[in-house]
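One structure below.
The values are calculated or read from the model by the stated rules, or taken from the named source; none is laboratory data. Model, not experiment: these values are computed from the prediction. Cβ atoms come from the backbone with ideal geometry, glycine included; neighbour counts cover every protein chain shown. These area figures cover heavy atoms from the full protein model, side chains too; ligands, DNA and RNA do not enter into them. Shrake-Rupley method; radii C 1.70, N 1.55, O 1.52, S 1.80 Å.
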Amino acid sequence: MFKKNQIKKIYLIGSGTSYNASIAIKTYFEKFLPVEVEVVIPTIFTNYVTINNNQLYAKENILVIGISQSGTSYSTVNAMKKAKSEGYTTIALTENEESLITKEVDKVLKLCVGKELIPVETKGYTTTLLTGYCWALELAYALQQMNEEDYQTRIQKIDKMLNNFEKYLDEVNEWYEKNSEELIQMEHGHVAAYGSSTCTAIEAELKIYETFKRPIHAYELEELIHGPQMAFNNRTYVYIVASAEKEIERISLFQNWFKENEVTEHLFIITTEDIALAEKDLKFKTEVFNELSQLVFTLPFQLIAAKNSERVGYDTSVRPLRRKAFAHEYKE
């Protein structure tokens, strides 16, 4: 499709975890390819977006990708139906190749995740991120936007990182158990990140809120101190994902502000880098491939969601009050 249509503009459409993963996939595509990528919530896309509103591109230069693990998300199916009916090239990324979304697109690509054991999507998020990265990498190589050496180097780093995944999980488990008494007491909190790890903050918000059922909010790092800090008190939990990007230079200033102003003791820094840290912070000792660090940074929040829920007696395998999956009810 890319070679034939000379794709220049991509819309990524998805809800919940699929939307969150798309935030990272946008950065992957725009890093490796000369394309413009827009991430849009499905209902906004369907009801308010005029595709190619500025008329910069020919119709064949635009690709609309719908991401739905189940393939039954009502809003995503409708968004793809709109894009296809208007004559745009469409792709669905889904685990179920016989699902509703597959009837509304030109091409179906398999999300190789298998079945989730619980309604809360965790494997799906990780697999969608990895799939998006591999798409961008393979396209860049096929379209000669990346040379053989750079391509092979990244393939090797991906393999090494995936082979180390159990080690990352062991490190997060150790960190959780060391801080479990404090983590279990969280009443409300905030997760801040930046750059390519912004997706981590919004996925953490979703996972902890839908499982542990405590209010938690996601922010870009600097936005955390543009109003939200006015509500902080000594019961506020703050998690900062300090990825190896430009903004890491600001982390020490944030640490000092929390300490000097005695804002809250419940501050946790999560990083792969050699920066000044407190005992309760988490620094991954096992080497992490920075371009895919989002896979690893999500683990602490998935573990908090799982283990905190388990310890307070929330069963994440069932929906609250056995509510039906309203978001997946499809009506013509």
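Quotient of the Cα radius of gyration of the chain and 2.2 N^0.38 Å, N being its number of residues: 1.02. Full extension of the chain between Glu262 and Asn173 gives 29.2 nm of extra length, using 0.36 nm per residue less the Cα-Cα distance. Think of it as helices only: each DSSP H run of n ≥ 4 in the chain is worth -39500 (n - 2.57), and spread over all residues that comes to -13000 deg cm²/dmol at 222 nm. FRET efficiency for the Glu86 to Glu138 pair, using the beta carbon distance and R₀ = 30 Å, is estimated at 0.60. Note on Arg214 and Glu249: the model spin-label points, each 7 Å out from Cα along the C-beta direction, lie 3.5 nm apart. Cα gyration tensor of region 205-267, axes a ≥ b ≥ c as square roots of the eigenvalues: rounded (a/c below 1.5), prolate (a/b > b/c) or oblate? Oblate, because a/c is 1.5 or more while a/b does not exceed b/c.
A straight Cα-to-Cα reach below 15 Å connects Lys9 with the aspartates and glutamates Glu30, Glu36, Glu38, Glu60, residues fewer than 8 places away in its own chain not being considered. Would you please classify the overall shape of region 84-178 from the alpha carbon gyration tensor, given that a ≥ b ≥ c denote the square roots of the eigenvalues, rounded means a/c under 1.5, and beyond that prolate means a/b larger than b/c while oblate covers the rest? Since a/c reaches 1.5 but b/c is at least a/b, the shape of region 84-178 is classed as oblate. Compactness of region 193-332 is given as radius of gyration and Dmax, 16.8, 58 Å, from Cα positions.
Quick one: pull the percent of accessible area on region 200-246 belonging to carbon and sulfur, 1.4 Å probe, ligands and nucleic acids left out. That share works out to 54 percent.
Database remark: amide H of His190 closer than 5 angstrom to the amide H of His217, Tyr237, Val238, Tyr239 (H placed geometrically; neighbours at sequence offset of 5 or more, or on other chains; Pro and chain starts carry no H). Other residues with beta-carbon under 9 Å from the beta-carbon of Lys110 carry, at +1 per Lys or Arg and -1 per Asp or Glu, a net charge of -2.
For Glu148 and Gln6, the FRET efficiency from 1/(1 + (r/R0)^6), where r spans their Cβ atoms and R0 equals 30 Å, is about 0.85. Rolling a 1.4 Å probe across the protein heavy atoms gives the chain an accessible surface of 49 Å² per residue. Taking θ as phi - 60° and the Karplus parameters 6.51, -1.76 and 1.60, the scalar couplings of region 142-156 work out to 5, 8, 6, 8, 9, 7, 4, 5, 5, 5, 5, 4, 5, 4, 5 Hz in sequence order, x denoting glycine and proline. Applying 0.36 nm per residue to the separation of Asn290 and Ile118 and subtracting their alpha-carbon distance, the gain on full extension is 59.0 nm.
A full extension of the chain between Lys59 and Ile44 corresponds to an added length of 3.4 nm, given 0.36 nm per residue minus the alpha carbon distance. Cα centroid distance between region 16-52 and region 246-261, in Å? Here the two parts' Cα centres lie 31 Å apart. Which residues in region 126-142 place their backbone N less than 12 Å from a point set 7 Å from the Cα of Phe165 along the Cα-to-Cβ direction? Within reach of a label on Phe165: 126-131.
Per residue, the convex hull spanned by the Cα atoms of region 234-287 amounts to 74 cubic angstrom.
Per-atom-type breakdown for region 64-182 gives carbon and sulfur 49% of the accessible area (1.4 Å probe, protein chains only). Highest mean packing comes first when the peptides 193-206, 137-150, 76-89, 264-277 are listed by Cβ atoms within 10 Å, giving 193-206, 76-89, 264-277, 137-150.
Taking a ≥ b ≥ c as the square roots of the eigenvalues of the Cα gyration tensor, region 35-147 is oblate, since a/c reaches 1.5 or more and a/b is not larger than b/c.
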